[in-house]
Amino acid sequence: MLDGEHVGRKLFDRLNLVNANTQTVEIAQRTLSAICHATGKMQVTDSEQLHLIPLQADVTVQPPKNGYGESNKIRYRPLDQAPAASPKAAAPPRPQQTAPAKPAQPGGFANAPWKRSS
């Protein structure tokens, strides 16, 4: 978090991009698309291209359910969408990418963490 009462904290989202259940994969792909829109990175070939890029999101805490504790519900906001309750409409500055983008590979993320052998 870059500002607000939780400044300095990290926020995680789990994307289940590889799963036998097609609905689970579709949900993950929609979430990844929302993250890409929120960061302005539309041509991503490796998940690392999205690391440490500031973005805007609405986060709400979901109450415990089905034996699980509280969880975060994250709604990513496109760069051009102003926060609903905040006077700050501008997105935080994004760092410049210095490495050239890797060419797209058939089948998705060529260097995805789940495909690495290290």
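Figures for the structure shown
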read-out	value
Length released on extending from LEU50 to THR24, taking residue separation times 0.36 nm less the Cα-Cα span	7.3 nm
Ranked LEU50, LEU11, criterion: other C-beta atoms within 10 Å, fewest first	LEU11, LEU50
Ranking of SER47, SER71 by count of other Cβ atoms within 10 Å, fewest first	SER71, SER47
In Hz, Karplus ³J(HN,Hα) per residue of region 20-28 (6.51, -1.76, 1.60; θ = phi - 60°; x = Gly, Pro)	5, 7, 5, 5, 4, 5, 4, 4, 5
Per-residue ³J(HN,Hα) for region 46-53, Karplus 6.51 cos²θ - 1.76 cosθ + 1.60, θ = phi - 60°, Hz, x for Gly and Pro	9, 4, 5, 5, 9, 5, 6, 9
Ranked list, fewest to most other Cβ atoms within 10 Å of each Cβ, for VAL44, VAL18, VAL61	VAL61, VAL18, VAL44
Amide H within-cut-off set for ARG77, under 5 Å, with H built and near neighbours excluded	GLN56, ALA57, ASP58
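All of the numbers you see were taken from the coordinates with simple rules; none came from a lab. Just so you know, these numbers come straight off a predicted model, no measurement behind them. Ideal geometry is used to build each Cβ from the backbone, glycine not excepted, and the neighbour counts take in all protein chains shown.
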